[in-house]
1. Report yes if B:LEU203 is more than 19 Å from the chain's Cα centre (by Cα), in a helix (DSSP H, G or I) and of a type outside the set (Val, Ile, Thr), otherwise no.
2. Against the definition (within 14 Å of chain A (Cβ to nearest Cβ), over 28 Å from B:LEU3 (Cβ atoms), over 13 Å from the mean Cα position of the chain (by Cα) and not basic (Lys, Arg)), how does B:GLY231 come out, yes or no?
3. What single numbered condition from (1) surrounded by fewer than 23 Cβ atoms within 10 Å (Cβ to Cβ); (2) in contact with a helix residue (DSSP H, G or I) (Cβ under 6 Å, 6 or more places away or on another chain); (3) within 14 Å of chain A (Cβ to nearest Cβ) fails to hold for B:PHE179?
4. Answer yes if at least one residue in the range A:39-54 is part of a loop (DSSP other than H, G, I, E, B), on the phi > 0 side of the Ramachandran plot, at pLDDT below 85 and over 23 Å from the mean Cα position of the chain (by Cα), and no otherwise.
5. When the residues of the range A:343-367 are filtered to those that are among the aliphatic types (A, V, I, L, M) and in a loop (DSSP other than H, G, I, E, B), which remaining residue is modelled with the highest pLDDT?
6. When residues of the range B:133-144 are filtered for being at pLDDT below 85 and either outside any loop (DSSP other than H, G, I, E, B) or surrounded by 11 or more Cβ atoms within 10 Å (Cβ to Cβ) (or both), how many remain?
7. Please identify the pairs in which a residue from the range A:416-431 that is at negative phi has its Cβ atom under 7 Å from the Cβ atom of a residue that is of a type in the set (S, T, N, Q), counting only partners at least 6 apart or on another chain.
8. Could you tell me whether B:ARG118 is more than 14 Å from every other protein chain (Cβ to nearest Cβ), surrounded by 15 or more Cβ atoms within 10 Å (Cβ to Cβ), in contact with a Gly (Cβ under 7 Å, 6 or more places away or on another chain) and not in a helix (DSSP H, G or I)?
Amino acid sequence: MSSDTPMGDPIAQRPQVAAASSAAASDLAIELIGINKRFGAVHANKDIDLQVRRGTVHGIVGENGAGKSTLMSILYGFYTADSGEIRVNGTPHAITDSRHALALGIGMVHQHFMLVDNFSILENVVLGAEDSAMLGPSLDRARKELTRLAKEYRLDVNPDAIIEDVSVGTQQRVEILKALYRGADVLILDEPTGVLTPAEADDLFRVLRTLRDQGKTIILITHKLREIMAITDYVSVMRQGAMVDTLKTSETNPEQLAELMVGRRVLLRVEKTAAKPGDTFLSVENLVVKDDLGVTRVKDVSFTVRAGEIVGIAGVAGNGQSELLESISGMRDQTSGIVRLKGTPLSLEGDDGAHRARKAGLAHVPEDRQRMGLITAFEEWENAMLGYEDDPAYGKGIILDSAAAQAEARERIKKFDIRPANERLKTANFSGGNQQKIVLAREMERNPDVLIVGQPTRGVDIGAIEFIHNQIIKMRDAGKAILVVSVELDEIRSLADRILVMFDGQIVGEADPATATEGELGLMMAGVTDKKAAAPARVAAQGQGS
Amino acid sequence: MDLGLVLSTLDATLRLSTPLLLACLAGLYSERAGVFDIGLEGKMLASAFAAAAVAAVTANVWLGLLAGLAVSITTAGLQGAAAITLRGNQLIAGVAINMLAAGLTTFLGIQWFGQGGRTPQLPVSGRFQNIDLPFANELAGVPVVGQIYSELISGHNILVYIAFLAVPITWWVLYRTRFGLRLRAVGENPKAVDTAGISVTRLRYQAVLITGFLCGLAGAFFSIAQGSGFGNNMTAGKGFIALAALIFAKWKPVPAMFTCLLFGFLDALQIRLQGTSIFGVGVPVQAIQALPYILTVILLAGFIGKAVGPKAGGVAYTKER
């Protein structure tokens with residue numbers, strides 16, 4: 001076989017990876033050679049080569065937009081490559097659609113699950129893999145097969161449960177089961193832990209190890225370096241559409257990977273001094289909030305944030321954090337409770353609650369910037385003043401002084417290093433990180449007493465994360481009170497001076513980021529508070545408010 | 001009230017709910033697949049005209065029905081091309097069909113038959129006749145059960161029976177077949193269907209063509225079963241009431257049947273109440289005729305609760321981000 005000789009092997013031409021890629025072709029489950037893909041002007045995949053050995057967990061890391069998902073979608077047949085070759089078990093195939101990929105034993109677990117919410121687990125597993133026009137026999141066979149898979153890989157689910165009723169972790173299991181039911185030998189997982197609790201993530205990793213040990217090949221796409229180190233055997237790094245390197249995981253470290261991803265040295269830990277908390281700026285007392293369906297999502301929550309400190313709220317998405325944020329910032333009416341700013345109760349009710357909150361000195365960076373923080377069809381400078389457009393600085397009466405607004409926008413673009421530096425560009429054309437900087441600049445430059453930030457770095461690249469974290473800490477050091485809500489536990493741990501854990505609408509515990517272990521926090525996030533530990537924690541949390 | 005009066009009102013109910021039910025089930029297929037269809041009315045009207053025109057010329061009811069079906073299915077295909085392949089706005093595609101049908105039927109009617117848009121009176125062989133079920137006459141004398149059988153169940157035209165048979169068939173297709181599973185899935189999450197390796201476009205076309213078929217039956221009912229010829233705008237908004245019934249029934253076949261029966265009953269009641277006086281006061285005909293529509297509004301506004309339709313409904317599927 002020609003690929004036995006290093007010279008004929010495209011990856012082996014890079015000296016660092018010769019060791020990783022010296023495998024005989026027969027050891028390779030997947031081989032990609034010279035893959036190119038363009039979306040209009042964007043060259044999403046540039047001449048990509050990749051070799052994945054059978055029976056390994058192979059990680060692919062890279063920033064957003066590095067081309068990881070595009071590459072895997074090509075392998076899965078969701079997109080077709082403009083050029084290049086795909087070899088499965090040594091044989092070249094032109095994979096035309098997902099059905100073809102499935103037939104070759106390639107299954108994919110998408111980042112956003114491809115499940116039908118009001119179907120049962122069984123129906124979802126069967127969908128597209130039915131044996132005949134009648135449903136009955138297919139469902140019977142799938143039920144038996146699920147039992148077998150559950151035994152073999154310890155993937156237990158209740159086949160009759162409806163998807164929208166089960167946890168996100170279970171939904172992910174269903175995605176894995178779907179792929180296995182279709183006979184997948186190669187399993188691609190796209191950012192699988194983004195929505196999981198640490199415990200669920202551990203469980204997923206246990207399943208993945210079992211699968212690998214049984215001879216399956218796993219390709220794991222992620223931007224979390226910790227996961228790469230924890231579970232993969234090999235790791236490939238992508239940057240700006242190109243494959244940078246492939247390394248043996250045991251021979252690398254997170255710092256090296258981060259540098260390869262970004263192309264420069266990156267600080268993974270936030271550097272900050274100890275907090276010097278002052279007066280209480282924000283106090284939330286016995287807050288109760290209902291969602292649109294009338295379900296109580298925030299249940300009697302009390303806490304305070306003091307000047308010069310960052311309080312982080314950790315928790316798995318959907319445990320009431322969104323409603324809490326929306327309520328404090330005046331976007332959602334509270335059922336009962338009081339929110340005080342420097343001791344003065346805020347009137348947050350009604351449609352203009354958010355406006356009054358901002359006037360009073362409470363700025364808010366919403367967790368979903370594209371839906372709530374920006375109008376992406378607007379130009380950058382318009383978004384840069386949105387919510388403050390009646391400020392006299394932007395004009396008198398009904399006349400808008402666009403020259404002044406644009407001048408200010410240009411200034412902020414410079415200060416916050418927003419790229420591209422063009423205030424007349426449509427906001428939709430900025431990357432996620434730069435959009436976040438637009439919102440942050442708008443809210444921070446008003447110099448508020450209290451800053452509330454939801455998911456500060458969701459969908460933001462490593463390089464921009466560093467900048468955003470530093471801005472938040474700068475604000476803290478200027479004596480402001482900052483509340484950060486994030487589902488990224490790592491982010492909360494490195495940014496916050498004090499951690500509150502939210503579960504099922506309640507603050508179930510408080511922790512010191514310097515001493516709390518990830519395990520302890522993970523248990524609290526999952527609602528597991530053993531009685532000895534939980535009782536004092538809850539008292540402490542409530543004691544904060546009184 | 002005597003049984004005879006009740007039975008004849010219920011008999012009228014069955015008749016009046018038939019086109020509603022066919023149109024409602026038609027809409028169910030399309031909307032369950034994620035294609036909103038407000039063009040039910042237009043497809044029915046087009047079918048009613050085509051069926052009457054062909055039946056009038058050939059004096060053959062079956063050729064009339066075939067013509068109605070062909071026109072309705074073609075129209076549905078046209079609407080599908082706009083809404084699925086060209087990814088046009090589904091509501092506007094439906095509105096276009098309605099306007100096209102209203103204008104074209106009148107225009108062609110005047111051009112071809114010169115009777116102000118009406119088609120000529122159909123001969124007996126050009127209409128569906130009522131079918132007497134076996135033993136209907138013999139059992140008519142048996143109190144209650146016999147009367148119900150002979151007066152209520154027997155003696156309808158074939159389209160009435162087809163409409164009510166279509167309910168269990170639709171249920172079975174939807175919940176017991178591979179096609180039904182995929183149809184329901186594509187209206188909820190087309191991406192899940194696509195990634196499972198099934199063509200979203202093909203599934204939606206299949207659904208839309210079934211919609212065309214059922215609308216064709218509903219339209220033919222107006223002109224060559226219930227009536228004996230086509231009259232201007234003879235569907236009179238029934239397509240929209242069927243749509244209301246579909247929402248009221250939360251896109252499920254059996255509730256759809258009961259909802260259509262309810263609307264049909266209101267219509268039958270309206271006819272029965274015309275010319276009667278309530279508490280000695282004569283009620284204007286127009287007020288009574290408006291009754292079903294008023295009740296429709298009340299039911300939809302007040303009793304329906306939150307109707308959550310198929311999640312992906314109304315949105316054309318685009319594969320690339």
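1. On the way: more than 19 Å from the chain's Cα centre (by Cα): yes; in a helix (DSSP H, G or I): yes; of a type outside the set (Val, Ile, Thr): yes.
Yes; evaluated as a whole, the condition is true for this residue.
2. Working: within 14 Å of chain A (Cβ to nearest Cβ): no; over 28 Å from B:LEU3 (Cβ atoms): yes; over 13 Å from the mean Cα position of the chain (by Cα): yes; not basic (Lys, Arg): yes.
The answer is no for B:GLY231.
3. Unmet for B:PHE179, out of (1) surrounded by fewer than 23 Cβ atoms within 10 Å (Cβ to Cβ); (2) in contact with a helix residue (DSSP H, G or I) (Cβ under 6 Å, 6 or more places away or on another chain); (3) within 14 Å of chain A (Cβ to nearest Cβ): (2).
4. Narrowing the range A:39-54 to residues part of a loop (DSSP other than H, G, I, E, B): A:40-41, A:54.
From the residues that got through so far, the ones that are on the phi > 0 side of the Ramachandran plot too are A:40.
Okay, now just the ones that are also at pLDDT below 85, so A:40.
Imposing the further condition that a residue be over 23 Å from the mean Cα position of the chain (by Cα) reduces the set to A:40.
Taking every residue of the range A:39-54 in turn, at least one turns out to be part of a loop (DSSP other than H, G, I, E, B), on the phi > 0 side of the Ramachandran plot, at pLDDT below 85 and over 23 Å from the mean Cα position of the chain (by Cα).
5. Step one: of the range A:343-367, the residues among the aliphatic types (A, V, I, L, M) are A:346, A:348, A:354, A:357, A:360, A:362-363, A:365.
From what's left, in a loop (DSSP other than H, G, I, E, B): A:346, A:348.
Numbers: A:LEU346: 90, A:LEU348: 87.
Checking each candidate, the answer is A:LEU346.
6. The total comes to 7.
7. From the range A:416-431, the pairs are A:ILE418/A:ASN434; A:ARG419/A:ASN434; A:GLU423/A:GLN406; A:THR427/A:THR376; A:THR427/A:ASN383; A:THR427/A:GLN435; A:ALA428/A:THR376.
8. Values: more than 14 Å from every other protein chain (Cβ to nearest Cβ): yes; surrounded by 15 or more Cβ atoms within 10 Å (Cβ to Cβ): yes; in contact with a Gly (Cβ under 7 Å, 6 or more places away or on another chain): yes; not in a helix (DSSP H, G or I): yes.
It is true that B:ARG118 is more than 14 Å from every other protein chain (Cβ to nearest Cβ), surrounded by 15 or more Cβ atoms within 10 Å (Cβ to Cβ), in contact with a Gly (Cβ under 7 Å, 6 or more places away or on another chain) and not in a helix (DSSP H, G or I).
The values are calculated or read from the model by the stated rules, or taken from the named source; none is laboratory data. As the structure is a prediction and not an experimental result, all values here were calculated from the model. Heads up, the Cβs are rebuilt from the backbone with ideal geometry, glycines too, and the neighbour counts pull from every protein chain shown.
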